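Student: This is the structure I want to talk about, given as structure tokens.
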Amino acid sequence: MKIKTVYQCTSCGYQSPKWAGKCPDCGEWNTLAETAQVRGSTKAAKAAPKQPVSRLSEVETGSDQRLLTGIAEFDRVMGGGIVRDSVTIITSPPGGGKSTLSLMAASALAKQGFRVLYASGEESDSQIKNRADRILDTIAENIWIVADTSMDNGLDAIREIDPDLIILDSIQTFSLAEFLPSRAGNPTQTMECASALVAQAKNKSRPRAVLMIGQMNKSDEIAGLRALEHLVDAVLVLEGEGADELRCLVATKNRFGSTGEMGFFTMTEAGLASIENPSAYFVTKRERGDSVSGSAIAVLKEGSRPVIAEIESLVSPSFTPYPSRISETMKKDTMNTLISILEQRGGIKLYDKNVVIKTTGGLYLKEQAANLAVLMSIASSVYDKPIPSDWAFLADVGLTGELKRVPSVESRIKELDRMGFKQVFIPAGGMRELHLENIRVVEAKFLSQLLNHVFGKKGNG
């Protein structure tokens, strides 16, 4: 066998026989890395075995194609459990909890009688055991671990143990002897190791579920080639910093479920705990009559379900020529736009005021449905007048001061009704007729009308 050296782009995978500062394919600079490739003998390689051709209508699917872990939020994001012949990659920033979540899923399936192989190229077997002792109440007998960076040894372990679930922690730490001297983490090694696992998962005679843990780079993307995301069936991103209690599991790709589905967890000493009722978690529980100024309620759509969120604002005098605009829960440009609307259309002058916005629980505001609630929370802080804690606001606000309809308004109102809210404000003509038990729907056309209704203050339009 012969070894030749090529230069491969770490961004797009383009290969070149010589080094260049700029990738000719994707145009990125300084991405061509030296890669050793093994050339086969002069004899023609054997053709791959021919796969039978089947009619789509004749393909059989069983009702037991998913493995339910019992971790409610994880199963939700996966679309109802792990598909038996699927490959899933989980990524997060360092310390995000991806290894913890994978070990919890392994334990849950092992207790149901499934065989699990946990292969780690980052931790020793004793380190894995220490984590298991900390987060698991009992350790099932049918969980096997292999602490090795050799994918060849990992494949041997798969053949020996015959697991139903394979967990690889992490894909960037493993290498195949066939592609040496390319080191682990090299694009070639990463893709070939992943391809070997895909072949194990898609084996028709013995389908297996595979969970691969992927490291995240400084750009908050999976380290290595983007082609890795195309190879797998599902990509899960576990959002949340190491110091934060809240963790959000988001499906950025899912061939067997809804893309964009989100699950919520809290990081505890005993591992990740599912937040099965987020609407209660992201709202401060107050007794009737305990309303405080600067707080307003919105309903966000996180995946397929509505989540009630509390938005808090603090407005204070500024003693500098440039007042502060602080928010870790929404884009700064969006915040500045909303403040401009409130000044011009709501008649509230904030040019000499500091404005701070946050959400209870640290939930990020990604959609426009929260814009009206943000404005009302700021107005509440300016006037120092509380909004009743059982009122909610559900609308976008245009530059003209008009209230705009948001998607899925009916399901959001039903969630408010379920949680016992008494009143919700929406744009005029913003919904069809619904049967509601507790809540009263109030329609308004302009921001100024709403400010007058809630605070008794007239705006400019």
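Student: Can residue 392 be described as surrounded by 21 or more Cβ atoms within 10 Å (Cβ to Cβ) and either of a type in the set (Gly, Ala, Ser) or in contact (Cβ under 8 Å) with a residue 12 or more places away in the chain (or both)? Steps first, please.
Tutor: Working: surrounded by 21 or more Cβ atoms within 10 Å (Cβ to Cβ): yes; either of a type in the set (Gly, Ala, Ser) or in contact (Cβ under 8 Å) with a residue 12 or more places away in the chain (or both): yes.
Yes; evaluated as a whole, the condition is true for this residue.
Student: Could you please give the count of residues in the range 271-300 that are under 27 Å from residue 408 (Cα atoms), assigned to a loop (DSSP other than H, G, I, E, B) and among the hydrophobic types (A, V, I, L, M, F, W, C)? Break it down stepwise before answering.
Tutor: Taking the range 271-300 first, the residues under 27 Å from residue 408 (Cα atoms) are 274-285, 294-300.
Now restrict to residues that are assigned to a loop (DSSP other than H, G, I, E, B): 275-277, 282-285, 294.
From what is left, the residues that are among the hydrophobic types (A, V, I, L, M, F, W, C) are 275, 282-283.
Counting residues in the range 271-300 that are under 27 Å from residue 408 (Cα atoms), assigned to a loop (DSSP other than H, G, I, E, B) and among the hydrophobic types (A, V, I, L, M, F, W, C) gives 3.
Student: Examine the range 40-59 for a residue that is at pLDDT 80 or above and at positive phi, and state whether such a residue exists.
Tutor: no
Student: Quick check: is even one residue across the range 71-78 modelled with pLDDT under 90 and assigned to a loop (DSSP other than H, G, I, E, B)? Show your work before the answer.
Tutor: To start, the set of residues in the range 71-78 that are modelled with pLDDT under 90 comprises none.
No - not one qualifying residue is present in the range 71-78.
Student: For the range 167-181, name all the residues that are of a type in the set (Gly, Ala, Ser) and either surrounded by fewer than 22 Cβ atoms within 10 Å (Cβ to Cβ) or not in a strand (DSSP E or B) (or both). First the steps, then the outcome.
Tutor: Of the residues in the range 167-181, the ones of a type in the set (Gly, Ala, Ser) are 170, 175, 177.
If the condition is that a residue be of a type in the set (Gly, Ala, Ser) and either surrounded by fewer than 22 Cβ atoms within 10 Å (Cβ to Cβ) or not in a strand (DSSP E or B) (or both), then 170, 177 are the ones that fit.
Student: Are any of the residues in the range 233-256 out of contact with any Leu (no Cβ under 8 Å at 6 or more places or on another chain), surrounded by 24 or more Cβ atoms within 10 Å (Cβ to Cβ) and in contact (Cβ under 8 Å) with a residue 40 or more places away in the chain?
Tutor: Among the residues of the range 233-256, at least one is out of contact with any Leu (no Cβ under 8 Å at 6 or more places or on another chain), surrounded by 24 or more Cβ atoms within 10 Å (Cβ to Cβ) and in contact (Cβ under 8 Å) with a residue 40 or more places away in the chain, which makes the answer yes.
Student: Quick check on my filter: what residues within the range 362-380 are at negative phi, in contact with a strand residue (DSSP E or B) (Cβ under 7 Å, 6 or more places away or on another chain) and either surrounded by fewer than 23 Cβ atoms within 10 Å (Cβ to Cβ) or not in a helix (DSSP H, G or I) (or both)?
Tutor: Narrowing the range 362-380 to residues at negative phi: 363-380.
Remaining after also requiring in contact with a strand residue (DSSP E or B) (Cβ under 7 Å, 6 or more places away or on another chain): 363, 365, 367-378, 380.
Residues satisfying the conditions are 363, 365, 367, 368.
Student: Given the residues 178, 269, which is the only one that is touching a residue at least 24 places away in the same chain (Cβ under 8 Å), more than 27 Å from residue 11 (Cα to Cα) and either touching a Ser or Thr at 6+ places or on another chain (Cβ under 8 Å) or outside the structural domain of residue 363 (by TED's automatic domain parsing) (or both)?
Tutor: On the way: 178 fails: more than 27 Å from residue 11 (Cα to Cα).
On inspection, the qualifying residue turns out to be 269.
Student: With the checklist (1) surrounded by 14 or more Cβ atoms within 10 Å (Cβ to Cβ); (2) in contact (Cβ under 8 Å) with a residue 12 or more places away in the chain; (3) in a loop (DSSP other than H, G, I, E, B) in hand, flag the one item residue 229 doesn't pass.
Tutor: (3)
Student: If you don't mind, there's one more thing I want to ask. Can you work out which of the residues in the range 103-138 that are small (Gly, Ala, Ser) and assigned to a loop (DSSP other than H, G, I, E, B) is surrounded by the most Cβ atoms within 10 Å (Cβ to Cβ)? Outline the logic, then answer.
Tutor: We begin by selecting, within the range 103-138, every residue small (Gly, Ala, Ser); these are 105-108, 110, 113, 119-121, 124, 126, 132.
Restricting the remaining residues to those that are assigned to a loop (DSSP other than H, G, I, E, B) gives 113, 121, 124.
On the way: 113: 9, 121: 23, 124: 11.
This residue is 121.
Student: Could you list, in sequence order, the residues of the range 163-190 that are of a type outside the set (Asp, Glu) and farther than 20 Å from residue 91 by Cα?
Tutor: Of the residues in the range 163-190, the ones of a type outside the set (Asp, Glu) are 163, 165-168, 170-177, 179-190.
Passing the criteria: 163, 176, 177, 179, 180, 181, 182, 183.
Student: Out of everything in the range 342-358 that is surrounded by fewer than 23 Cβ atoms within 10 Å (Cβ to Cβ) and touching a strand residue (DSSP E or B) at 6+ places or on another chain (Cβ under 6 Å), what residue ends up being farthest from residue 282 (Cα to Cα)?
Tutor: Step one: of the range 342-358, the residues surrounded by fewer than 23 Cβ atoms within 10 Å (Cβ to Cβ) are 343-345, 347-354, 356, 358.
From the residues that got through so far, the ones that are touching a strand residue (DSSP E or B) at 6+ places or on another chain (Cβ under 6 Å) too are 353-354, 356, 358.
Values: 353: 27, 354: 25, 356: 18, 358: 12 Å.
Taking the candidates together, the pick is 353.
Student: Go through 179, 174 for me and flag whichever is of a type in the set (Phe, Trp, Tyr) and at pLDDT below 90. Before the answer, list the steps.
Tutor: On the way: 174 fails: at pLDDT below 90.
Testing whether each residue is of a type in the set (Phe, Trp, Tyr) and at pLDDT below 90 leaves just 179.
Student: Could you tell me how many of the residues in the range 139-166 are of a type in the set (Asp, Glu), in contact with a helix residue (DSSP H, G or I) (Cβ under 9 Å, 6 or more places away or on another chain) and outside any loop (DSSP other than H, G, I, E, B)? Quick ask: steps written out before the conclusion?
Tutor: The first filter runs over the range 139-166 and keeps only residues of a type in the set (Asp, Glu), leaving 141, 148, 152, 156, 160, 162, 164.
Then drop every residue that is not in contact with a helix residue (DSSP H, G or I) (Cβ under 9 Å, 6 or more places away or on another chain), which leaves 141, 148, 152, 164.
Then drop every residue that is not outside any loop (DSSP other than H, G, I, E, B), which leaves 152.
Residues that pass the stated criteria total 1.
Student: Test of understanding: among 152, 156, 164, which residue is of a type in the set (Asp, Glu), within 24 Å of residue 207 (Cα to Cα) and touching a Lys or Arg at 6+ places or on another chain (Cβ under 6 Å)? Spell out how you get there, then give the answer.
Tutor: Numbers: 152 fails: touching a Lys or Arg at 6+ places or on another chain (Cβ under 6 Å); 156 fails: touching a Lys or Arg at 6+ places or on another chain (Cβ under 6 Å).
Testing whether each residue is of a type in the set (Asp, Glu), within 24 Å of residue 207 (Cα to Cα) and touching a Lys or Arg at 6+ places or on another chain (Cβ under 6 Å) leaves just 164.
The values are calculated or read from the model by the stated rules, or taken from the named source; none is laboratory data. Not measured: the values here are computed from a predicted model. Methodologically, a virtual Cβ is constructed for each residue, glycine included, from the backbone with ideal geometry; neighbour enumeration extends over all protein chains shown.
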